[in-house]
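The values are calculated or read from the model by the stated rules, or taken from the named source; none is laboratory data. On a predicted model such as this, the values are computed, not experimentally measured, just so you know. With ideal geometry, Cβ positions are generated from the backbone for all residues, glycine too; neighbour counts draw on all protein chains shown. Calculation scope for accessible area: heavy atoms of the full protein, side chains included, ligands and nucleic acids excluded. Shrake-Rupley method; radii C 1.70, N 1.55, O 1.52, S 1.80 Å.
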Amino acid sequence: MQMNTQVFFRIYCKTLFYQHVKVVGNKPELGNWNPTYGLQLLTNESMYPLWYTDYPLELPAYSKLEFKVVIIDDQNILWECCLNREMNVQSLKQIVIVNYNNPSIQVLGIKSLVSEVELPQIEQNNARKVSIELQDYMSYTDSDSDEQNSKKSQLTNGNSLFPSISSFNSCLSPNQDLEHDQAEMD
C-alpha cells in the first residue's frame with residue numbers, strides 16, 4: 001500500500017490585482033506542466049504578497065517533485081526564470097516555501113505528535129477519575145449564589161484550575177473516588 005504525503009505551499013509573489021498564482025509541475029495534481037490545470041493558490045488582503053494552499057496536496061510519499069510557480073492573467077502566463085524546483089516528498093506533512101523567481105526552496109516537515117508519543121499504560125484499579133466542567137468555572141453570572149461564587153473564587157485564586165500530580169496518588173478505588181467527589185460537591 002502506497003502512503004501519501006500532505007504538502008502545503010507558501011509562495012511569496014508580488015502580482016497585479018487581476019493576476020493569480022499557480023504551482024505547475026510533474027504530477028497530475030500540479031497539471032503535468034500544463035498551467036491551466038496547475039494548483040491554484042490563494043491570497044487575501046492581510047496575507048498578500050504571500051500566496052498559499054488552504055488544503056493539502058496529496059502526493060505519493062518518497063516521490064520526486066518538480067515544479068515552477070507561474071503568474072497568470074487573462075492573456076499571459078509568466079513562468080519563473082529559474083530552473084525547475086526539485087524536492088523529495090518525505091514526511092507525513094510538509095510545507096514548501098519559495099519566492100517567485102528565486103531558485104531557493106525551503107521545505108519544513110511537520111511530524112505527527114500523536115504517533116510519536118508513547119502513552120503510559122494505566123491500570124484501572126490505580127486510576128482516578130477527574131472531571132472538570134468548564135462551564136461551572138467559566139460562568140460568572142450574577143444569578144449564582146454567594147456560596148457558588150465563593151467556591152469559584154477558591155478554584156480560580158490558585159494558579160491552576162487543574163489538580164496537582166499528588167492528587168492522582170489517591171488510595172481510593174474509582175468507585176470510592178467518585179463517591180468522595182460527589183460528597184465534596186454537596
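Of everything in the range 26-39, what is more than 10 Å from Leu57 (Cβ to Cβ) and either open to solvent by 40 Å² or more (accessible area, probe 1.4 Å) or in contact (Cβ under 8 Å) with a residue 60 or more places away in the chain (or both)? Give them in sequence order.
Selection gives Asn26, Pro28, Asn32, Trp33, Asn34, Thr36, Tyr37.
Test Leu59 against the stated conditions and say whether it is over 15 Å from Ile105 (Cα atoms), open to solvent by less than 50 Å² (accessible area, probe 1.4 Å) and in contact with a Leu (Cβ under 6 Å, 6 or more places away or on another chain).
Answer is no for this residue.
Please go through (1) under 18 Å from Leu108 (Cα atoms); (2) in contact (Cβ under 8 Å) with a residue 12 or more places away in the chain; (3) open to solvent by 80 Å² or more (accessible area, probe 1.4 Å) for Val23 and return the number of the only condition it doesn't satisfy.
(3)
Go through (1) in a loop (DSSP other than H, G, I, E, B); (2) modelled with pLDDT of 90 or more for Met87 and report which single condition fails.
All conditions are met except number (1).
Scan (1) open to solvent by 20 Å² or more (accessible area, probe 1.4 Å); (2) among the hydrophobic types (A, V, I, L, M, F, W, C); (3) under 20 Å from the mean Cα position of the chain (by Cα) for the single condition Leu16 breaks and write down its number.
(3)
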